[in-house]
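The structure under discussion appears below in the form of structure tokens.
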Amino acid sequence: MSNQLPDWSNYRGVMVFVEQRESVAKPVSWQLLGAGKKLADKLEVPLMALVIGEHVENLADEAIGYGADQVYLCEGPELKDYRTRPYSRITLKLIENVKPEICLFGASATGRDLAGAIATHLPTGLTADTTELDVESHPSRLLLASRPAFSEKMMATILCKQYRPQMATARAGVFQALPRDASRTGKIIRIENPMKGEKIATQVMGFIEKQSGINLEEADIIVAGGRGLGGPEPFQMLQELADVLGGEVGASRACVDSGWIKHAHQVGQTGFTVRPKLYFAIGISGAVQHTVGMSNSDYIVAINKDPEAPIFQIAHYQIVGDLFQIVPALIDAFKQRKD
Ligand code: FAD
């Protein structure tokens, strides 16, 4: 293959797919607009958002508040729920017409499905589960999409030199949304659904909500426990601390694999990526497969009896000692402050 890059000068702009359900956007959409804004500013191009659904005009306004300069809006009753065929047809047609150089999607079930379908059809490259995004400015304008590789042992930066658009997915919690500015102005461009009236083979019969009742991805405070708890019972103590702080309980994979707590609580590479304001890592050693899912927390408090535990390298507050003494003392202290 020649070293010379094709001329992609007709592809300009950064586009973010806004994922929604029941007209409510997934937070990852606004987080990707935050990441996309930095790329767009560096490339000196507009940041675009794509909103598809039924009764979702409110999301177009919200997208502008979160940094979009232009929003492409496609509405219709047949677009209420995500389905691969109509959503990918709309996105493909838009890419064909608008020619964004970069397209970003959430690494959710929907985002992965849509981005995969589009990358296959175009065809172009897709970097899944990115944790860092940057761009080389003029002349290459290449997207530098980085993600952990080889069981998290190294970071790989993946380039898509020969095809456009350059596409990436990112999990919720990895990037930060800009503060919403309701006074921002932008352009909303309505687009036609190319599949209107066409029979779509798949039908959504309904949704069965997860019964876990936990929402780690959106929690501001997470109290997470690891193998140091020694069994399932001490999770009650962690739940008490979480309750007193108004947080959720998280866990390392070691606890999930041991059957002490459900997978819905797992943080890390094969669990959830979280970005709370406050993360307690209690009896967790700090393996990279765990920290990749929580290292972007605003504040990390680690409690561990081993002063050499790797978790202390990323913790803002380090408490060396026995969790069975420290956690009850914290619960008492926070309860007293509440009373
Ligand atoms: P340990 O590493 O055993 O650490 C226990 C800690 O508790 C120790 O630091 C110890 O000093 C401390 N401790 C013990 N007793 C006390 C006490 N009384 N008071 C205070 N501290 C105490 N892991 C995840 O968490 N999430 C993932 O998503 C994930 N995905 C993975 C994917 C792959 C492909 C692989 C290979 C591994 C994955 N893992 C994941 C597993 C990961 O490598 C670690 O094995 C796991 O995170 C360790 O869990 P832990 O920290 O709870 O246990």
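The values are calculated or read from the model by the stated rules, or taken from the named source; none is laboratory data. Not measured: the values here are computed from a predicted model. Here the Cβ positions follow ideal geometry from the backbone for every residue, glycine too, while neighbour counts run over all protein chains shown.
Is it true that THR273 is closer than 23 Å to GLU132 by Cβ, within 10 Å of the ligand (Cβ to nearest atom), under 24 Å from the mean Cα position of the chain (by Cα) and free of Cβ contacts under 8 Å to residues at least 24 places away in the same chain?
The answer is no for THR273.
If we keep just the residues of the range 159-182 that are under 20 Å from the mean Cα position of the chain (by Cα) and polar (S, T, N, Q), which is nearest to ASP7 (Cα to Cα)?
Only one residue fits best here, namely GLN166.
When you check THR291 against the structure, is it within 13 Å of the ligand (Cβ to nearest atom), hydroxyl-bearing (Ser, Thr, Tyr), farther than 16 Å from PHE312 by Cα and buried (at least 18 other Cβ atoms within 10 Å of the Cβ), yes or no?
The answer is no for THR291.
Among the residues that make up the range 59-73, is at least one of them among the hydroxyl-bearing types (Ser, Thr, Tyr), closer than 13 Å to PRO165 by Cα and at pLDDT 95 or above?
No, the range 59-73 contains no residue that is among the hydroxyl-bearing types (Ser, Thr, Tyr), closer than 13 Å to PRO165 by Cα and at pLDDT 95 or above.
Within the range 196-203, does at least one residue satisfy the condition of being of a type in the set (Ser, Thr, Tyr) and closer than 26 Å to LEU122 by Cα? Explain how you work it out, then say what you get.
Initially, the range 196-203 is screened for residues of a type in the set (Ser, Thr, Tyr), giving 202.
Restricting the remaining residues to those that are closer than 26 Å to LEU122 by Cα gives 202.
For the range 196-203, residues of a type in the set (Ser, Thr, Tyr) and closer than 26 Å to LEU122 by Cα: present.
Would you say GLY259 is more than 11 Å from the ligand (Cβ to nearest atom), over 15 Å from LEU330 (Cβ atoms) and more than 24 Å from the chain's Cα centre (by Cα)? Even if it seems obvious, please write down each step before you answer.
On the way: more than 11 Å from the ligand (Cβ to nearest atom): yes; over 15 Å from LEU330 (Cβ atoms): yes; more than 24 Å from the chain's Cα centre (by Cα): yes.
It is true that GLY259 is more than 11 Å from the ligand (Cβ to nearest atom), over 15 Å from LEU330 (Cβ atoms) and more than 24 Å from the chain's Cα centre (by Cα).
List, please: which pairs have Cβ atoms under 8 Å, are six or more places apart or on different chains, and start with a residue in the range 142-164 that is surrounded by 15 or more Cβ atoms within 10 Å (Cβ to Cβ) and end with one that is in a strand (DSSP E or B) and among the basic types (Lys, Arg)?
Listed pairs, sorted by first residue: ILE158/ARG147.
Residue by residue through the range 157-204, note down the ones that are of a type in the set (A, V, I, L, M, F, W, C) and touching a Ser or Thr at 6+ places or on another chain (Cβ under 7 Å).
The answer is ILE158, CYS160, MET167, ALA168, ALA170, ALA172, VAL174.
Residues in the range 300-310: is at least one surrounded by 17 or more Cβ atoms within 10 Å (Cβ to Cβ), within 23 Å of the chain's Cα centre (by Cα), assigned to a loop (DSSP other than H, G, I, E, B) and free of Cβ contacts under 8 Å to residues at least 40 places away in the same chain?
Step one: list which residues in the range 300-310 are surrounded by 17 or more Cβ atoms within 10 Å (Cβ to Cβ), which gives 300-304, 309-310.
Still in the running and within 23 Å of the chain's Cα centre (by Cα): 300-301.
Now narrow it down to the ones that are assigned to a loop (DSSP other than H, G, I, E, B): none.
So far as the range 300-310 goes, no, none of its residues is surrounded by 17 or more Cβ atoms within 10 Å (Cβ to Cβ), within 23 Å of the chain's Cα centre (by Cα), assigned to a loop (DSSP other than H, G, I, E, B) and free of Cβ contacts under 8 Å to residues at least 40 places away in the same chain.
Mind listing just one residue for me: the one in the range 108-136 that is surrounded by fewer than 19 Cβ atoms within 10 Å (Cβ to Cβ) and touching a Lys or Arg at 6+ places or on another chain (Cβ under 6 Å) and, of those, nearest to PHE207 (Cα to Cα)?
If we take residues in the range 108-136 being surrounded by fewer than 19 Cβ atoms within 10 Å (Cβ to Cβ) and touching a Lys or Arg at 6+ places or on another chain (Cβ under 6 Å), then ASP129 is nearest to PHE207 (Cα to Cα).
Looking at (1) of a type in the set (Val, Ile, Thr); (2) within 14 Å of the ligand (Cβ to nearest atom); (3) surrounded by fewer than 20 Cβ atoms within 10 Å (Cβ to Cβ), which one does VAL249 not meet, given that it meets all the others?
Result: VAL249 fails condition (3) only.
Determine which member of the set ILE214, ILE261, ILE188 is at pLDDT 95 or above, touching a strand residue (DSSP E or B) at 6+ places or on another chain (Cβ under 6 Å), within 25 Å of VAL28 (Cβ to Cβ) and assigned to a loop (DSSP other than H, G, I, E, B).
Criteria check complete, one pass: ILE261.
Please give the number of the condition ASP322 fails out of (1) closer than 16 Å to GLY228 by Cβ; (2) in contact with an Asp or Glu (Cβ under 8 Å, 6 or more places away or on another chain).
Among (1) closer than 16 Å to GLY228 by Cβ; (2) in contact with an Asp or Glu (Cβ under 8 Å, 6 or more places away or on another chain), the lone unmet condition for ASP322 is (2).
List the pairs whose first member sits in the range 315-339 and is assigned to a strand (DSSP E or B), whose second member is more than 13 Å from the ligand (Cβ to nearest atom) and not basic (Lys, Arg), and whose Cβ atoms are under 8 Å apart, counting only residues at least 6 apart or on separate chains?
As it stands, the answer is TYR317/TYR299; TYR317/ILE300, since those pairs meet every condition given.
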